[in-house]
Amino acid sequence: MTVLYKADPARGAIWAERFAEVAPDTPLRIWPDIGDPASIRYLVAWEPGDLVTTLPNLDVLFSVGAGVDQLDLARIPPHLPVVRMIEPGIVDGMVEYVTEAVLAIHRDLFDYAQQQQARVWRAMPLRPAASRRIGVLGLGMLGTAVLERLRLFGFACAGWNRSARTIDGVDCFAGRDALDAFLARTDVLVCLLPLTDATRGLLDAQLFAKLPAGASLVHVGRGPQLVAADLLDALQRDHLHSAVLDVTDPEPLPADHPLWTQPRVRITPHIASATRPESGADAVLDNLRRRRAGEPMIGEIDRARGY
Ligand code: NDP
């Protein structure tokens, strides 16, 4: 019942320390030092490569991150459960990132940055949070946590999701038919959807046109959900005011990409949140216990849905 870890080796060293500390009976090996392939039952990986077919006794594949879109699910044997990472570090990081982005937009910091460049000292009217309408696409683990925090500032909060949800103090919209109404009431749109065939290219000209003039985008989902040319066009026409992008397509964003030099676009290199190695190791260990006890694991994905 050895666990094999195949991702960033520096973080892997912390995983190994955590396993040694809290689960000394569960050996953890760091790829490529795999030892006897037949002893490996569990694989924790970002990109597992051929290991999903070459390890003869593999029982579970754990993604080291919250998403599984980096995996080619068609290449993973159908009997092998795939489990995404659910641990508090990912949630905390995302809540911090989106809160900061929304507050920066709300407090006009993009405009003040431009004023600073021009050495202009001019105050803009302060808008109450209740008049700023925040809308989150995707009411999963992260979208829900983000809204629960933003609500505390007094923003008018709403969310849109495939299936119906109820979140205290949040106006929840469900399904394609409700998307237009959700967009029409949204000043700051936050994307926290998983990448699937249904969400690829969703953030396009058609969608931007349904947002009120002057709206902003915070994109923390996945790069291919955004049509960058349509965003640039909406910004240049001043239909959209600003964008905070943590994810792009491709990553890294090429040095000559026009998004880099847009005045009211802020780009970060996919750092909104990441698995915290200590609590990530704990989450996997808890799932191993569940698997052995015949209980459902937390975060097992639905292969047909793709998330
Ligand atoms: P979850 O799986 O918990 O939630 C996804 C939500 O999206 C679900 O509520 C689901 O609804 C909804 N959804 C899926 N497809 C659609 C669709 N076509 N239309 C409407 N709603 C849809 O995921 P998380 O909240 O944990 O993470 C969301 C995404 O955030 C990840 O997939 C990843 O891409 C991104 N992420 C980005 C990070 C970063 O650093 N930038 C870090 C971590 C994650 P339902 O349940 O009804 O199907």
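The values are calculated or read from the model by the stated rules, or taken from the named source; none is laboratory data. In this text, all values refer to a predicted model and were calculated from it rather than measured experimentally. Please note: Cβ atoms are built from the backbone with ideal geometry, for glycine as well, and neighbour counts cover all protein chains shown. Side chains are part of the model used for accessible areas, which takes the heavy atoms of the whole protein and leaves out ligands, DNA and RNA. Shrake-Rupley method; radii C 1.70, N 1.55, O 1.52, S 1.80 Å.
If a residue has to be touching a residue at least 24 places away in the same chain (Cβ under 8 Å) and either open to solvent by 30 Å² or more (accessible area, probe 1.4 Å) or more than 9 Å from the ligand (Cβ to nearest atom) (or both) to count, how many in region 66-90 make the cut?
Going through region 66-90 one residue at a time, the tally reaches 16.
Scan region 2-10 and tell me whether some residue there is open to solvent by 80 Å² or more (accessible area, probe 1.4 Å), at pLDDT 95 or above, away from the ligand (no atom under 16 Å from the Cβ) and over 27 Å from the mean Cα position of the chain (by Cα).
No, region 2-10 contains no residue that is open to solvent by 80 Å² or more (accessible area, probe 1.4 Å), at pLDDT 95 or above, away from the ligand (no atom under 16 Å from the Cβ) and over 27 Å from the mean Cα position of the chain (by Cα).
Considering only strands (runs of 3 or more DSSP E) fully contained in region 1-51, which possess at least 2 residues that are closer than 13 Å to residue 62 by Cβ and of a type outside the set (Gly, Ala, Ser)?
Of the strands (runs of 3 or more DSSP E) lying wholly inside region 1-51, those with at least 2 residues that are closer than 13 Å to residue 62 by Cβ and of a type outside the set (Gly, Ala, Ser) span 2-6, 40-45.
Counting only residues that are crowded, with 18+ Cβ neighbours inside 10 Å and touching a residue at least 60 places away in the same chain (Cβ under 8 Å), give me the strands (runs of 3 or more DSSP E) lying completely in region 215-304 with at least 2 of them.
Output list reads 215-219, 240-245.
If we keep just the residues of region 156-181 that are closer than 13 Å to residue 143 by Cβ and in contact with a Cys (Cβ under 9 Å, 6 or more places away or on another chain), which is most open to solvent (accessible area, probe 1.4 Å)?
Only one residue tops the list, namely 165.
Any idea how many residues of region 144-155 are open to solvent by less than 10 Å² (accessible area, probe 1.4 Å) and out of contact with any helix residue (DSSP H, G or I) (no Cβ under 9 Å at 6 or more places or on another chain)?
1
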